[in-house]
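Here is the structure we will look at.
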């Protein structure tokens, strides 16, 4: 990992960030995956617009990238967001961290990049006053997250999406 640095995403990373996120959102049977070209274009355009705004705004969002030191190409990324919630025992200030879009290019996996990206976000959350961090995981990443101290919340994560209109 000596030729990789963990950095903050820049606007010139946007095309590569979209490519990385497509590893999660393009096809597949996950509930969040695009199922056709229209959905693919929709999430990519929305994500590009969101990145363009977030990378210059002063909102409590941090996009960490694993970058090749020689080419500056982003080979992995993770996004941290600070949510304001009702204060609780683990977050008396009401600030809760949420980690999303942890993805590493397949050629760079098993080198510790995911761990380094998450550690970078945890340090950023601490600097923001966040004491509790939440993330969703897949079975393939569960071992990494539990080895870093994440544990099951004891609650089921449910979602509602317009694709489920028949449920109403």
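When residue 33 is tested against (1) surrounded by 12 or more Cβ atoms within 10 Å (Cβ to Cβ); (2) touching a helix residue (DSSP H, G or I) at 6+ places or on another chain (Cβ under 8 Å); (3) under 29 Å from residue 129 (Cα atoms), just one condition goes unmet, and that condition is (3). When the test is whether a residue is surrounded by fewer than 17 Cβ atoms within 10 Å (Cβ to Cβ) and closer than 25 Å to residue 158 by Cα, residue 92 passes it.
Looking across the range 18-47, the residues that are under 21 Å from residue 141 (Cβ atoms) and assigned to a helix (DSSP H, G or I) come down to 18, 19, 20, 21, 22, 23, 24, 25, 43, 47. Taking into account only those residues within the range 67-89 that are surrounded by fewer than 17 Cβ atoms within 10 Å (Cβ to Cβ) and touching a residue at least 60 places away in the same chain (Cβ under 8 Å), which is nearest to residue 118 (Cα to Cα)? Out of the qualifying residues, it is 68. Looking across 103, 133, one residue alone is in a strand (DSSP E or B) and over 15 Å from residue 63 (Cβ atoms). It is 133. Residue pairs whose Cβ atoms lie under 7 Å apart, sitting 6 or more positions apart in sequence or on different chains, and linking a residue in the range 93-118 that is free of Cβ contacts under 8 Å to residues at least 40 places away in the same chain and at positive phi to a partner that is in a strand (DSSP E or B) and surrounded by fewer than 17 Cβ atoms within 10 Å (Cβ to Cβ), are 94/84.
Does residue 64 satisfy the condition of being modelled with pLDDT under 95, surrounded by 17 or more Cβ atoms within 10 Å (Cβ to Cβ), touching a strand residue (DSSP E or B) at 6+ places or on another chain (Cβ under 7 Å) and within 14 Å of residue 13 (Cα to Cα)? So residue 64 does not fit the description; no.
The values are calculated or read from the model by the stated rules, or taken from the named source; none is laboratory data. As the structure is a computational prediction, the values presented were derived from the model and not from experiment. Quick reminder, even Gly has a Cβ in these numbers, built from the backbone with ideal geometry, and neighbours come from all protein chains shown.
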